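Scroll down for the structure; my scribbles are underneath it.
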Amino acid sequence: MPRTQQSCHNTDNFLGRYRINDQQKTKKQLLEGLQSDRERSIALQEVSNKMAAAYNTNEELNLIANKAARLLPTDAAYIRLLEGENLVIRASTDSIAGYLVDTSAVMPEERTIDAGHVMATKKTTVNRGMP
């Protein structure tokens with residue numbers, strides 16, 4: 001066999017191995033995605049079951065905040081509700097509760113805190129820091 005044909009064969013063999021590794025990586029990513037979807041489904045089912053059994057709105061909101069923090073890549077979560085014309089914090093994870101004690105109600109207006117801005121503009125935003 002001429003040397004050039006042998007070189008092509010080796011290249012094909014290398015590319016074949018690369019494709020196999022790429023397929024294995026994809027399989028691993030798919031499995032991780034399925035596991036994440038399963039955890040999300042279980043958490044949503046738990047929230048649904050506990051909300052159906054709960055009579056206390058504060059317990060329900062705290063449950064939602066804690067489950068949201070568990071499902072998203074974050075250490076803390078809180079929920080603001082519109083009361084009258086103000087957004088008031090009504091639930092949070094324990095990790096942020098002390099910080100939120102000093103946080104007052106806000107008006108849902110543009111260029112206020114993220115929650116107020118979202119309420120006023122009806123556009124989503126991403127906050128990578130504290131409220």
- Task: Mind listing just one residue for me: the one in segment 34-75 that is among the hydrophobic types (A, V, I, L, M, F, W, C) and in contact (Cβ under 8 Å) with a residue 24 or more places away in the chain and, of those, farthest from Gly98 (Cα to Cα)?
- Result: Ala43
- Output the number of residues of segment 1-47 satisfying the condition of being among the small types (Gly, Ala, Ser), more than 18 Å from Pro73 (Cα to Cα) and at pLDDT 75 or above. 0
- Test: residue in segment 65-82 that is surrounded by fewer than 15 Cβ atoms within 10 Å (Cβ to Cβ) and modelled with pLDDT under 75: no
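The values are calculated or read from the model by the stated rules, or taken from the named source; none is laboratory data. The structure presented is a predicted model; accordingly, all values stated were derived computationally and were not measured. Positions of Cβ are backbone-derived with ideal geometry, glycine not excepted, and every protein chain shown enters the neighbour counts.
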